[in-house]
Amino acid sequence: MPGPDVTDEQLLTARDAASFERFYVRHVDAVLAYFSRRTRDAELSADLCAETWAAALTSRHRFRPGEAPATAWLYGIAAKKLADAQRRGYAEMRARRRLGMERIELSDQDIARIDRLGEGDDA
């Protein structure tokens, strides 16, 4: 596993699972907060976040260091997922179908945590 001073760009270009996991851990809460602030719907936010990370994982080979920061690349994916959900209103069904998963039932604690993330001023 890479050291603590590894950049996001290095994590994405490393192409191994441990590096992507570190990138995910660094940014998952911020991505979730991004969706929470924009949708004001914890369940939709969680679905869009999952769809964003699935897309990032499957398309990370397209990331080109030096063109844009890794976070800009990630938020570009997130913005497209949000626009798609707003345009068609089917992000939940699409993410589950694509990943072959059933709907994740969020507890009240999960919803409260996501709502708190959306109340932050960062991102």
Helix 108-118: inclination vs the chain longest Cα principal axis, degrees, rounded to 10, gives 60
Taking every alpha carbon pair in the stretch 27-75 and sorting the distances into 10 angstrom bins from 0 up to the bin holding the longest one, the percent per bin comes out as 26, 49, 22, 2
Label model pair L57, Q109: point-to-point distance (7 angstrom along the Cα→beta-carbon line) in nm is 2.4
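Could you compute the longest span of the chain free of trypsin sites (Lys or Arg not before Pro) located in DSSP loops and having at most 14 other Cβ atoms within 10 Å, not counting the site residues? Please report the intermediate quantities before stating the final value.
Values: sites that count: R15, R40, R103.
Counting at most 14 other Cβ atoms within 10 Å as exposed, the longest clean stretch of the chain is 41-102.
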In whole percent, the Cα-Cα distances of the stretch 1-86 spread across 10 Å bins from 0 upward as 18, 51, 27, 5
For the chain, longest principal axis from Cα atoms; helix 70-88 axis from its Cα atoms; angle between them, nearest 10 degrees, is 30
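Please give the charge dipole size of the stretch 1-88, origin at the Cα centre, charges +1 on K and R Cβ atoms and -1 on D and E Cβ atoms. Round to the nearest 20 debye. Please list the in-between numbers first.
Numbers: 13 positive and 12 negative charges, 72 e Å.
In debye, rounded to 20, the stretch 1-88 gives about 340.
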Among L57, S19, T71, the residue whose Cα sits farthest towards the positive end of the charge dipole of the chain, when +1 is placed on the Cβ of each Lys and Arg and -1 on the Cβ of each Asp and Glu, is L57
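Using DSSP to define loop residues, name the GluC sites (Glu not before Pro) in the stretch 1-69 whose beta-carbon has at most 10 other beta-carbon atoms within 10 Å. Please list the in-between numbers first.
Details: sites: E9, E21, E43, E51, E67; in loops: E67.
Here the sparse-neighbourhood loop sites are E67.
Each value in this text was obtained by applying a stated rule to the coordinates, not by laboratory testing. Keep in mind the model is a prediction, meaning the values are calculated, not measured. Cβ coordinates were reconstructed from backbone atoms using ideal geometry, including for glycine residues, and neighbour counts include every protein chain displayed.
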